[in-house]
Amino acid sequence: MINRLIEPTSGAIRIQGRDTSTIPGETLRRGIGYVIQGHGLFPHWTVARNIATVPRLLNWDAARIARRVEELPDLFGLDPDVYARKFPHQLSGGQQQRVAVARALAAEPSVLLMDEPFGALDPIIRAKAREDLFALQRRLGVTVVLVTHDMEEAIALGDRIAVMDRGRLMQYATPAEILARPAPGYVERLVGDAERPFRLLSLVRVGEAAAPGEAEGAPIPEDASLREALSELLMRGASSLPVVARDGRPGGRVALEAILAHARLAR
């Protein structure tokens with residue numbers, strides 16, 4: 001409905017304050033990035049031509065398209081000199097996913113729609129793809145509307161989560177609010193009482209629970225989650241971990257007691 005492949009039967013959808021029903025369908029869609037499950041790359045086109053799809057439809061001049069085709073692969077860690085002339089079948093699943101997102105962003109849209117974009121990836125590549133998307137969204141500031149059946153994915157990526165059931169909106173809130181105060185019934189069951197403390201820990205950064213002091217062992221980054229810190233503590237059989245700041249300086253220590261205190265807030 002956001003890109004009007006399905007027309008709303010009532011109400012209004014606005015992008016930057018403008019009712020989308022007042023915009024011609026083709027014009028609307030060319031201003032919205034769209035990433036489908038399974039990538040959807042054109043198999044007979046090179047990476048460069050796939051990325052250039054919408055800019056060409058918008059009649060960008062050749063020089064501007066060339067710049068964009070060179071910028072985007074580089075942004076996704078794909079050397080344009082190496083990958084621009086490759087075809088989709090010559091790429092790994094993770095590389096195809098990155099090209100699909102690059103194509104969706106090529107015309108500098110203000111909104112990016114993602115329909116279960118990581119569903120076809122194996123767990124390791126999927127985790128990396130999530131991290132890449134999170135970092136890219138923070139860097140570009142584009143609004144991402146992502147559909148997923150994976151609650152962990154929604155919590156890890158979402159600033160706000162809309163929980164739907166049979167076409168009805170059950171709750172719309174921040175991940176922390178949904179975990180701490182899930183709507184009775186469906187959302188409560190979806191969140192799961194036993195998993196809630198662990199999921200809440202995934203929202204809290206190590207730096208927020210770090211305290212002055214020292215600890216033994218390899219340090220954990222301050223922007224890692226407390227869930228990751230708890231896992232490290234259990235694997236090492238330790239009671240605290242040293243913390244390292246983004247600039248490489250010591251950031252104190254994070255203790256098991258501090259992590260458990262945050263987990264209890266979810267109960």
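The values are calculated or read from the model by the stated rules, or taken from the named source; none is laboratory data. What you see is a predicted model; the values in this text were computed from it and never measured. Backbone-built Cβ (ideal geometry, glycine too); neighbour counts: all protein chains shown. Accessible surface is based on the protein model in full, side chains and every heavy atom, while ligands, DNA and RNA are left aside. Shrake-Rupley method; radii C 1.70, N 1.55, O 1.52, S 1.80 Å.
Kindly check whether there is at least one residue in the range 156-171 that is open to solvent by less than 20 Å² (accessible area, probe 1.4 Å), of a type in the set (V, I, T) and under 20 Å from R253 (Cα atoms). No, the range 156-171 contains no residue that is open to solvent by less than 20 Å² (accessible area, probe 1.4 Å), of a type in the set (V, I, T) and under 20 Å from R253 (Cα atoms).
Note on the range 94-115: among residues that are in contact with a helix residue (DSSP H, G or I) (Cβ under 9 Å, 6 or more places away or on another chain) and open to solvent by 30 Å² or more (accessible area, probe 1.4 Å), the one that is nearest to G38 (Cα to Cα) is Q96. R236 meets the conditions (1) at positive phi; (2) surrounded by fewer than 18 Cβ atoms within 10 Å (Cβ to Cβ); (3) not polar (S, T, N, Q) in every case but one. The failed one is (1).
Say we look at the range 58-92 and pick out the residues that are open to solvent by 30 Å² or more (accessible area, probe 1.4 Å) and small (G, A, S); which of these is nearest to H44 (Cα to Cα)?
Only one residue tops the list, namely S92.
State which residue is farthest from the chain's Cα centre (by Cα) when the search covers only the range 76-106 and only residues that are closer than 17 Å to P55 by Cα and part of a loop (DSSP other than H, G, I, E, B). So, considering only residues that are closer than 17 Å to P55 by Cα and part of a loop (DSSP other than H, G, I, E, B), the one farthest from the chain's Cα centre (by Cα) is A84.
Looking only at the range 116-140, filter to residues that are charged (D, E, K, R) and either closer than 17 Å to I36 by Cβ or modelled with pLDDT of 75 or more (or both); which one of those is most open to solvent (accessible area, probe 1.4 Å)? The residue in question is R139.
Residues that are under 18 Å from P55 (Cα atoms) and free of Cβ contacts under 8 Å to residues at least 60 places away in the same chain within the range 107-119 comprise just one, E108. When the range 181-192 is filtered for residues that are surrounded by fewer than 16 Cβ atoms within 10 Å (Cβ to Cβ) and within 18 Å of A156 (Cβ to Cβ), only G192 remains. With respect to (1) closer than 24 Å to V145 by Cα; (2) outside any strand (DSSP E or B); (3) touching a strand residue (DSSP E or B) at 6+ places or on another chain (Cβ under 7 Å), the lone exception for Y172 is condition (2).
Condition test on A62, is it small (G, A, S), more than 26 Å from I15 (Cα to Cα) and at pLDDT 85 or above? Taking the combined requirement at face value, the residue satisfies it. Of everything in the range 183-216, what is more than 12 Å from V254 (Cα to Cα), at pLDDT below 90 and of a type outside the set (A, V, I, L, M, F, W, C)? Give them in sequence order. Listed by number, the residues that qualify are E188, R189, G192, D193, E195, R196, P197, R199, S202. Taking the range 17-57 as the range and being under 17 Å from V111 (Cβ atoms), in a loop (DSSP other than H, G, I, E, B) and at pLDDT 90 or above as the test, the residues that pass are G17, I23, P24.
Look through the range 73-106, keep the residues that are of a type in the set (A, V, I, L, M) and closer than 18 Å to K128 by Cα, and return whichever of them is modelled with the lowest pLDDT. Even if it seems obvious, please write down each step before you answer.
Keep residues of the range 73-106 that are of a type in the set (A, V, I, L, M), which gives 75, 78, 82, 84, 91, 99-102, 104-106.
The next check asks that each one be closer than 18 Å to K128 by Cα; those that pass are 75, 78, 91, 99-102.
Working: L75: 82, L78: 87, L91: 92, V99: 91, A100: 90, V101: 88, A102: 90.
The selected residue is L75.
Inspect all residues belonging to the range 27-40 and state whether any of them is in contact (Cβ under 8 Å) with a residue 60 or more places away in the chain, basic (K, R) and open to solvent by 60 Å² or more (accessible area, probe 1.4 Å). For the range 27-40, residues in contact (Cβ under 8 Å) with a residue 60 or more places away in the chain, basic (K, R) and open to solvent by 60 Å² or more (accessible area, probe 1.4 Å): present.
Output the residue which, of all residues in the range 193-233 that are of a type in the set (G, A, S) and in a loop (DSSP other than H, G, I, E, B), is surrounded by the fewest Cβ atoms within 10 Å (Cβ to Cβ). Applying the filter and picking the extreme gives A194. Residue-level check: of (1) assigned to a helix (DSSP H, G or I); (2) farther than 17 Å from Q97 by Cβ; (3) not basic (K, R), L72 misses just (2).
In this structure, is P43 open to solvent by less than 20 Å² (accessible area, probe 1.4 Å) and either free of Cβ contacts under 8 Å to residues at least 60 places away in the same chain or among the aliphatic types (A, V, I, L, M) (or both)?
Details: open to solvent by less than 20 Å² (accessible area, probe 1.4 Å): no; either free of Cβ contacts under 8 Å to residues at least 60 places away in the same chain or among the aliphatic types (A, V, I, L, M) (or both): yes.
No.
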